[in-house]
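Undergrad: This is the structure, below, for whatever I ask next.
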Amino acid sequence: QILKIFVDNLFAIILLKQATAVRCLDMSASRKKLAVVDENDTCLVYDIDTKELLFQEPNANSVAWNTQCEDMLCFSGGGYLNIKASTFPVHRQKLQGFVVGYNGSKIFCLHVFSISAVEVPQSAPMYQYLDRKLFKEAYQIACLGVTDTDWRELAMEALEGLDFETAKKAFIRVQDLRYLELISSIEERKKRGETNNDLFLADVFSYQGKFHEAAKLYKRSGHENLALEMYTDLCMFEYAKDFLGSGDPKETKMLITKQADWARNIKEPKAAVEMYISAGEHVKAIEICGDHGWVDMLIDIARKLDKAEREPLLLCATYLKKLDSPGYAAETYLKMGDLKSLVQLHVETQRWDEAFALGEKHPEFKDDIYVPYAQWLAENDRFEEAQKAFHKAGRQREAVQVLEQLTNNAVAESRFNDAAYYYWMLSMQCLDIAQDRAQKDMMLGKFHHFQRLAELYHGYHAIHRHTEDPFSVHRPETLFNISRFLLHSLPKDTPLGISKVKILFTLAKQSKALGAYRLARHAYDKLRGLYIPARFQKSIELGTLTIRAKPFHDSEELVPLCYRCSTNNPLLNNLGNVCINCRQPFIFSASSYDVLHLVEFYLEEGITDEEAISLIDLEVPRPKQDNRQQEIANSSSQILRLVETKDSMGDEDPFTAKLSFEQGGSEFVPVVVSRLVLRSMSRRDVLVKRWPPPLRWQYFRSLLPDASITMCPSCFQMFHSEDYELLVLQHGCCPYCRRCKDDPGP
């Protein structure tokens, strides 16, 4: 019999009767189960309430229930320790002695005369519960003491069994935040009403790396897009293609784009480019091609793109420009119709011919082309061309600045012919600006000032070269005329770089050589009042002495004649370069500086320039000329050829009658002609300076029939025709304005 005795009660309570004698027994912690070891070494387990035999195990000599787990007991016998959980098979391990207690994971054994505590892992019973999917019981066993690996296994099994509570507790034990976040996410979704366990399990499998199982569950739950996204994120694109929707272009594009991103990340740029193009991600494809310098692929992409896709086309053109392929970049800009960027490209790559051609077709870009072109020319020391480019771009201020700098440099470097050319260009710039009424008066004043300076420097260049060079290319008469012209034309404040000493020295020297002794004496006297450089000192002192042995008069051959009043003028004229009698200004040749046989005349009020030309063209028939033929002007310049004519009628020329003036007057009386006089003139006898507005044209009539005069159509300077033709042949251009002989007139 097995009796239960209460210490405060005299009567014992019979719990169980059995046929064999009892050697050892123990009751579970809840007092609901009883384990008995009988004389046959058999362990019998009964349910106290129903007296039912639950199970029995052989080879037992002692037994003990686990005080912390109702369904776990251990018994010893035959040199083994046996642990049994619920109705699962026994777990056996070697142990000597008798079991006297079982608490948690510790078993207390009596061996001979000592009791020892043996630590027993609870992994085996825990796995037995796991095999039966009893996760809560397995968790209780694990709480008795198992390894971290066992805890993780319990957590995974519970998670796969969708026992999120147990799994959460187990993951907390191993501190796995990743899975805890997953469980938290699933719990939130369940709160929102999601009940699809396949979807939850698919998420679990994807976290565990069981991607194919997860994909199957996604598909089964009707969420193929999640399987597609999973495989895409994993770069398993071959598997992802199996889950594409029925030709959904968005999903296909997304898949190809991500595949291209992956190819780019693993350093497979060419494959990435092809994928991006097929996905329509042209910008990314262009970026890769540009970074790797693949010009051919860039232009292929640009040619395939539609012209409306401006962003990728612009990016394509930018990369092509960086990769030094301006031709392809220009093709791309043309396709876009972005002419402004095309102009900038031509300017940046210095493809000026293409830029100019574009500027001709689209004048609105003239400023964008010629200003950078002018700056580039200036940086490359091509200042004259830079000035013209600034002028063409309408940047008058910059054009004038360049010319002023060029002029100052030319004067400082004693390049007086260049200085004259630059001053002439400055004057023409000012005349161009003078068309603006607001600046008309100021600019016209500057125009006349720069014209005078240009004439002075042009003449002074010959004087400077004569005094500096060992040999002179000019005839003595020319040097004599130039020095006289300069002496009469110089203002009170001598322009920078012009030396009065050199002018007077040249004048004195050439006057003495040509027989103008009085003028030479005057020049030497003037030199005595100036500071003389040491290198001229000896020559001037010697000349001053020797001139005193010469007569005190000038050669009559050198005396200039006024062609209006036929007055012989002194070589030294206090009035300047005008006639002392009629005050008519002299017209000088720009090469020999002889006084030309021309008289300037003015139109009566009311006669326009166009009318005057038409009247001159309507010249009255003239008497027969001599056998000498008249030469006609060529296309590049106006050449006046005058031949003798025999006026059989003896009629007076109407123009000659207009040359008369009041004798003894101090004021200049210009020659003013009427329509009748204009009609009587021959076109071959008249030269016209056709100045642009706001200036009026200037008219000149030749008074000698034997000489031929040429006027440059650009600078309007007058020359003896033979001199002009020789100079043009020598230099290939006008000696004054440097206009090439092949250039068309203005």
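Undergrad: Starting from the Cα-Cα distance between Arg192 and Gln68, subtract it from 0.36 nm times their residue separation and give me the gain in nm to one decimal.
TA: Full-extension gain reported as 40.8 nm.
Undergrad: Please state the equivalent ellipsoid semi-axes for segment 510-558: what are the square roots of 5 times the Cα gyration tensor eigenvalues, largest first, in whole Å?
TA: Values for segment 510-558, descending: 21, 10, 9 Å.
Undergrad: Can you give me the distance in nm between label points at Phe113 and Ser499, each placed 7 Å from the Cα along the Cα-to-Cβ direction?
TA: Here the answer is 14.1 nm between the modelled labels.
Undergrad: Can I ask one more? How many nm is it between the label spots at Asp131 and Thr147, if each spot is 7 Å from the Cα in line with the beta carbon?
TA: Label-label distance for Asp131 and Thr147, simple model: 1.9 nm.
Undergrad: Can I ask one more? If R₀ is 22 angstrom, what is the calculated FRET efficiency for the pair Arg528 and Asn568, using the beta carbon separation as r and rounding to 0.05?
TA: Computed FRET efficiency for Arg528 and Asn568 comes out at 0.15.
Undergrad: Residues with beta-carbon under 11 Å from that of Cys24, excluding Cys24: net charge, scoring Lys, Arg +1 and Asp, Glu -1?
TA: Residues near Cys24 contribute -3 overall.
Undergrad: Once the other residues with Cβ under 11 Å from the Cβ of Leu487 are scored (Lys, Arg +1; Asp, Glu -1), what is the net sum?
TA: Result for the local shell: +3.
Undergrad: State the extension gain, in nm to one decimal, for the chain segment bounded by Leu542 and Glu52, taking 0.36 nm per residue of separation less the distance between their alpha-carbons.
TA: 160.2 nm
Undergrad: Now for a separate question. Using Cα pairs closer than 8 Å and at least 6 residues apart in sequence, work out the relative contact order for segment 2-120, in percent.
TA: 14 percent
Undergrad: Cα gyration tensor of segment 410-566, axes a ≥ b ≥ c as square roots of the eigenvalues: rounded (a/c below 1.5), prolate (a/b > b/c) or oblate?
TA: Prolate shape, in that a/c is at least 1.5 and a/b is the bigger ratio.
Undergrad: I need to check one value: relative contact order of segment 472-521, counting alpha carbon pairs closer than 8 Å and at least 6 residues apart, in percent.
TA: Reported relative contact order: 43 percent.
Undergrad: What percent does the relative contact order of segment 657-740 come to when contacts are Cα pairs within less than 8 Å and at least six residues apart?
TA: Once divided by the residue count of segment 657-740, the mean separation gives 14 percent.
Undergrad: Ok, one more. State whether segment 38-154 is rounded, prolate or oblate according to the following rule on the C-alpha gyration tensor (a ≥ b ≥ c being the square roots of its eigenvalues): a/c under 1.5 gives rounded; otherwise a/b larger than b/c gives prolate, and the remaining case gives oblate.
TA: Taking the square roots of the gyration eigenvalues as a ≥ b ≥ c, segment 38-154 is oblate.
Undergrad: Another question about this same structure. Do any trypsin sites (Lys or Arg not before Pro) in segment 109-218 lie in a DSSP loop with no more than 14 other beta carbon atoms within 10 Å, and if so, which?
TA: Loop-located and lightly packed - Arg132, Lys133, Arg192.
Undergrad: Can you figure out the FRET efficiency of Trp691 with Leu575, using R₀ = 22 Å and their beta-carbon distance, to the nearest 0.05?
TA: 0.30
Undergrad: By how many nm would the segment from Leu676 to Val559 lengthen if fully extended, with 0.36 nm per residue of separation less the alpha-carbon distance?
TA: 38.6 nm
Undergrad: Still on this structure: Just to verify a number: FRET efficiency for Asp300 and Leu177, C-beta to C-beta distance, R0 = 35 Å, to 0.05?
TA: 0.10
Undergrad: Further question: Run the simple label-point estimate for Ala29 and His212 please: 7 Å along Cα→C-beta, distance reported in nm.
TA: Computed distance between label sites Ala29 and His212 equals 4.5 nm.
The numbers here are math on the coordinates, done by the rules we state, and not lab data. What you are looking at is a predicted structure, and each value in this text was computed from that prediction instead of being measured. Please note: Cβ atoms are built from the backbone with ideal geometry, for glycine as well, and neighbour counts cover all protein chains shown.
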